[in-house]
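Throughout, read-outs are computed from the coordinates displayed, never taken from laboratory work. The structure displayed is predicted, hence computed values, not measured ones. Glycine also receives a Cβ, built like all others from the backbone with ideal geometry; neighbour counts cover every protein chain displayed.
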Amino acid sequence: MKEPSQNRESFLPRLSVRRPVSILMIFCAVLMVGAISYHKLPISLFPAGFDPPFLWVWVSYRTSNPSEVEEQITRPMEQQFRTVRHLEEIYSFSRSNGAGFWLEFEKNTDMDVAYNQIYDRLERARAEMPEDQRYYYINRFSDDDESVVYFAVNLKSSQDDVYYLMEECVQKPLERLEGIAKVEIWGAYQKVIQIELDAARAQAHDVNLYELVNNLQEDNFALSSGWVMDAGKKLYVRSIGRYKTIEEISKIPVKGSNILLGHVADVSYSVPERRWFRRLNREPAVSIGVFKESTANTVGICNEIVQTIDDKIKNDPRLKGAAFEILFNQGDHILEAVGNLRTAGLWGAFFAFWVLFFFLRHWRMTMIVILAIPLSLLGTIIFLYFYGWSLNLMTLMGLMICVGLVVDNAIVITESIFLARTKGELPDRAAIRGAGEVALAVTTATLTTVVVFLPLMFMNDDIGFTFYIQRIGMPVVVAILSSLVIALLIIPLATKVLIKSSHPMESSKLIEKLSIKYRRALQWVMNHKFDSALIGFLIFIFSQTIIAGMVPKTDMAEGNINDFRLRFDIPENYTLEKTEKIVRTAEELLFQKAKEYDLRAVDSHYSRTWASVHAYLNPSRDLIWWRVAAKSIGEILGIWPQGPMDRQAVIDEMKERMPKIPGVEMRTSWRRESSSESVVELTVYGDDTRTLIELAEGFKRHFKSLPNVTGVELETDDGSDEVQVTLNRELAQRYNLNPSYIAGTISYALRGYDLADFQAPDREIPMRTQLAKSDRETLEQLKNLPFYSQSGVPLPLASAADFKITKGLGEISRHNGQTNLEIKIFTSEDHLETLSERLDAIMANVQLPRGYSIEKGRRFQDMDESNQAQQFGIIMAIVFVFLLMGVLFESFVMPLSVIISIPFSFTGVYWILFLTGTPMDLMAGIGLIILIGIVVNNAIVLVDLINHLRKDGFSRIDAILEAGQRRFRPILMTALTTICGLLPMAMGNAALIGIPYAPLGRTIIGGLISATFMTLFMVPIAYAYFDELRVFSGDFLAKFFRKKEQRA
């Protein structure tokens, strides 16, 4: 064996040592710019700028039925939407209160243009809609669509007009604040002018309801009527027929000049019939949501909102006695989340410091290495500020991942300089030579981590995934690139200046002993390559098949702020009083254990067929890693004091305590659920609704027979009974009754009609006419609804129509103009992939009519797309790493010895998830991809040194043993610093709005543990085998071409 004779120098280390003043000036400039950037960097909960390519459109048409809505609203709207450019998918939902449209556009569509086009098509389609359709809404989805402050108000005293009071005392003062986009009020009905027709009085005066409503429609107007000339002046004419007072409305003649509107109807200014109710802490309440402008500072605007509520709104004498409860303050959650991550990062840096000191046993050398953490993060802060990004949960997550990574380059450089110093070289020479010797390796290792993120950030079709992974990945990329510059430019100078001793530096005796034992173990492994490789391969196969299959997988990660909802789906035959009783029961059960649950507030809202009880718990105090660890150990030993129940325990207990009511389904997430079930959907497509129902019933019978399927429901099961009124045309013709006249009268009587707004001096007041509630409650009253023949003879509806009660559709769904029906399958199957295969087998054996098809629902599609995106990211990351390794080693075969560490790292991932009971969720998936760029770094440095030693004359086996022993300490140092840097994340309860970070930290830690072991043993084995393959292939090709030349 020979010692390296080649002097390797690199430009940056040489510049660092020979131009110290210039480097110091650059260092000071970076500190100054970084400090300014840090103080001016905006803080937000989520990154701004995400403009997803989809819109939600809601066209309101209340008190109708899905079939009518589909015919009169949905189909005309779909025809108009099809003319919008770049629109890919149209999902429509026809319901009893209107039509909803989910519109998906092509990737990179300008959503401002798309929004304007949809608005234009809505206006065009209104000409084909019913006359009494008035309102529609277009929702764009962004973080600005969520309220930054949400609070509720209990009004202790009775108020005549709650909505007007909230509008004047709360809404307007908040809207005056700079940075506020809008303030919305829920739970308070706006008072309207109601014209409630009395059926008996109207019939007594022979007042025709149809004619009355038509006349009221044409009244109360202001119309531009052209212009006239007077004395040379042009005067514009405006015809005004608006009502001035409510009394004037009551005196409108409805039949001759003696029968007035007030004789046949009650005209009042009052709250309309309530269909929604809100409660706070078991008392009637009003809820307020405050929305900010996109450019406003979230933390600052939230503080200003709270201050305005405390200083101005609460002191308004009109709100005397009102109780305010702030249920959600996004500013507080931003500061809390950022603080938790910052604390975890500082703890990680603390652990990394002591790991480094344990290996280096030199205070100044340790401080030099740890210097890479703040400087690298400062460089990232500068990037975020000048790039226009904020410090949010995504960018902060990337920064925290970097805490243990940014010291890797500094460790390798410092270790190489340290090794040169232990051999007695002078400080200048040791700094330049030591850094230059590993400069290419650390540069390549850094670029490897960078290229892992490139396909994830720029080559993925899922724009939501791409957007958020960029916010995580760019801080990692910038921090690691910064650490490379720091390692090559700052570390050599720091070692020269801060370490003055010219005596050789001694390493730890323990590490030296471990290094010697490792060399002996590596010698044995290299002498038994096949046996060792077989053992490693069997461990890999066992982990990938058995252990990976035992790791729970979930696609149901839902965020929370230490709160939960009890959602109730109520049958159609329930009364409002029955629904209110269910809500009160849930509220009482929560308040009975308010102390045990650490309950803060309960916000409830309900209608006749739906209810939600939203429980807010006090913020969890067990977020810091050491409290979590102490609590776990204390609970095992039985010495941890009993405290409030955690959120999941409260949810589980409430599921048990809540009475089971027949027909009422309770769930705690937006997906339908039960205690041990999940639900998946399939969709049958076709043109005819009745045929779809028959096909769905057939599939229902097949699916019920599958294992672990506990129930199957059709979309039609949620429908309510409806009365179908069929006109007898012969009788109608005999009595000269026009069908449109009959349908219009029924609609006016039961649904009511919105008239032109009443113009008050300070505002516009809605006007509405309808049959009095007491006259439209029973089927018998409908049958006796009077109609008037042309001769003026009153006739009941039953004399010209037939009545039939049938089961109606709860909702009619369509996709791209084709009607579909949803099948819900309730299953206790843990692995959705297994259920998916069984469903495929059934669907393949069923012959469907032409034009009909069945597909698995969005949950399966989302799961498949997520898996494909993750697989794409992993494959592309491996390909990019392989290409980069080819550049470094100038070989097609040798990079494979580095790539081998990637699949073996997955072994540790599955084991740690299995042992800790952690599911493979979104965070774990992100950690898995990040892991690819980390685990190859040590293998790169090891293989690079092996190649250098072989160039210096070492044999293959000697080069492997020597390189392994030299790199043993830096490999352990880099692995342990990253692992310890992530321990607070892996052990703590810090979360992204309820979605824990721990799976991400555990994934990286588990992968690093197994990858470190594999790097020390399996990479040398792989190197030896691939090198033999390289030699064999070279000899084979040489002989092949030699024989060819001889033949020639």
Self-check item: Net length gained if the chain between MET550 and GLU123 were fully extended (0.36 nm per residue, minus Cα distance)
Solution: 148.2 nm
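Among VAL286, VAL709, rank each residue by its count of other Cβ atoms within 10 Å, from fewest to most, as a rough exposure measure. Mind showing how you got there, number by number?
Numbers: VAL286 22, VAL709 19.
Ordered by Cβ neighbours within 10 Å, fewest first: VAL709, VAL286.
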Exercise. Rounding to the nearest 20 debye, state how big the charge dipole of the chain is about its Cα centre with +1 on each Lys and Arg Cβ and -1 on each Asp and Glu Cβ.
Key: 4380
Quiz item: Ratio of the stretch 1-92's C-alpha Rg to 2.2 N^0.38 Å, to two decimals?
Solution: 2.62
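When each pair of different Cα atoms in the chain is counted once in the 1/r mean, what is the Kirkwood radius in angstroms, to one decimal? Don't jump to the answer; show the numbers that get you there.
Values: mean 1/r = 0.0291 Å⁻¹.
Value: 34.4 Å, from the Cα pair sum.
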Self-check item: Inter-label distance, nm, simple model (7 Å from Cα along the C-beta direction), ARG584/PHE537
Solution: 7.2
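How much FRET efficiency would the formula 1/(1 + (r/R0)^6) give for SER158 and THR726, where r is the Cβ-Cβ distance and R0 is 41 Å, rounded to 0.05?
On the way: r = 47 Å, r/R0 = 1.15.
The pair SER158/THR726 has a calculated efficiency of 0.30.
For SER294 and GLU247, what is the calculated FRET efficiency with R₀ set at 60 Å and r taken between the beta-carbons, to the nearest 0.05?
Efficiency for this residue pair is about 0.80.
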Quiz prompt | Paired Rg and Dmax values of the stretch 51-141, which use every Cα atom, in angstrom | solution = 12.5, 39
Self-check item: Förster radius 56 Å - calculated FRET efficiency between ARG342 and GLU697 (Cβ-Cβ, nearest 0.05)
Solution: 0.45
Quiz prompt | Shape of the stretch 132-189, Cα gyration tensor, a/c cut at 1.5 | solution = oblate
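Using 0.36 nm per residue of separation minus the Cα-Cα distance, give me the extension gain between ASP757 and ARG282 in nm, one decimal.
Numbers: separation 475, 0.36 × 475 = 171.00 nm, distance 3.53 nm.
Result: 167.5 nm gained on full extension.
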Quiz prompt | Residue-span extension gain [TRP610 to ILE875] - 0.36 nm each, minus C-alpha spacing | solution = 90.8 nm
Quiz item: Between the stretch 92-158 and the stretch 563-590, what is the C-alpha centre distance in whole Å?
Solution: 28
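From the Cα gyration tensor of the stretch 687-811, with a ≥ b ≥ c the square roots of its eigenvalues, which class applies: rounded if a/c is under 1.5, or else prolate if a/b is larger than b/c, or else oblate?
Values: a/c = 3.14, a/b = 1.60, b/c = 1.96.
Verdict is oblate for the stretch 687-811.
Tell me whether the stretch 68-196 comes out rounded, prolate or oblate; compute the Cα gyration tensor, take square roots of the eigenvalues as a ≥ b ≥ c, and use a/c under 1.5 as the rounded threshold. Provide the component values of the computation, followed by the final result.
Details: a/c = 2.77, a/b = 1.52, b/c = 1.83.
Oblate is the answer for the stretch 68-196, as a/c is 1.5 or above yet b/c matches or exceeds a/b.
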Quiz item: If each of LYS312 and SER620 carries a label point 7 Å out from its Cα toward its Cβ, how far apart are those two points in nm?
Solution: 3.8
Practice problem: Count neighbours as other Cβ atoms within 10 Å of each site's Cβ, and list the trypsin sites (Lys or Arg not before Pro) in the stretch 694-774 that are DSSP loop with at most 11 such neighbours. | Solution: ARG763
Quiz item: Quick one: if you stick a label point 7 Å off each Cα along the C-beta vector at VAL887 and ILE43, how many nm between them?
Solution: 3.9
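What number, in percent, do you get for the relative contact order of the stretch 51-141 if the mean sequence gap of Cα pairs under 8 Å and at least 6 apart is divided by its residue count? Working shown, then result.
Numbers: 152 pairs, mean separation 41.5, N = 91.
Taking the mean separation of contacting Cα pairs over the length of the stretch 51-141, I get 46 percent.
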